[in-house]
Amino acid sequence: MLAPDALNAKLCPWYFSNFLSGKPLFLKSLSELPAEAKAEQKLLQRFGLKSNAIVPMESERTIMGSLSFVTVAEERTWSEHIIHQLPTVASIFDNALLRKSADDARASSELL
């Protein structure tokens, strides 16, 4: 079985295209993936995923990463509350990472 870090745009073109567009993705079941995402569906099933929520983290219109949640024991219906709150949580993480990066760069320049 492939490790989850083996997921890439070549293996999962639909998934990454959706992700890079900045759109959140909330799936109760992998069967909700569109027909053009059959490769992704098969691969994610091999990992044992049942449900998936992915919220891109972006800064100045650049995707920096994602906040992702998966279930492996059972399918999960993502509530409207969760769907509306996760982008805010992703933004908090994104801002913290940007602040850390800026602090590291400043500390590094002070050492010179």
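Quick look at the values:
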quantity	calculated
Amide H contacts under 5 Å for residue 49, placed H, 5+ residues apart	none
Sequence-distant lysines (8 or more away, or on other chains) whose Cα lies within less than 28 Å of residue 42	10, 23, 28, 50
Coil-residue GluC sites (Glu not before Pro) of the stretch 17-112, DSSP, other Cβ within 10 Å capped at 16	60, 74, 75
Proxy reagent accessibility, fewest Cβ within 10 Å first, across 54, 82	82, 54
Cβ-placed point charges (K, R +1; D, E -1), dipole of the chain about Cα centre in debye, nearest 20	280
In Hz, Karplus ³J(HN,Hα) per residue of the stretch 79-93 (6.51, -1.76, 1.60; θ = phi - 60°; x = Gly, Pro)	5, 4, 4, 4, 4, 7, 8, 4, x, 5, 4, 4, 5, 4, 4
Restricting the stretch 60-112 to trypsin sites (Lys or Arg not before Pro) in coil, as DSSP defines it, with at most 12 other Cβ within 10 Å	61
Dipole axis of the chain (+1 Lys, Arg; -1 Asp, Glu on Cβ), positive-most option in 86, 72, 98	72
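We did not get these values from a lab; they are worked out from the coordinates using the rules stated. This is a predicted model, so every value here is computed, not measured. With ideal geometry, Cβ positions are generated from the backbone for all residues, glycine too; neighbour counts draw on all protein chains shown.
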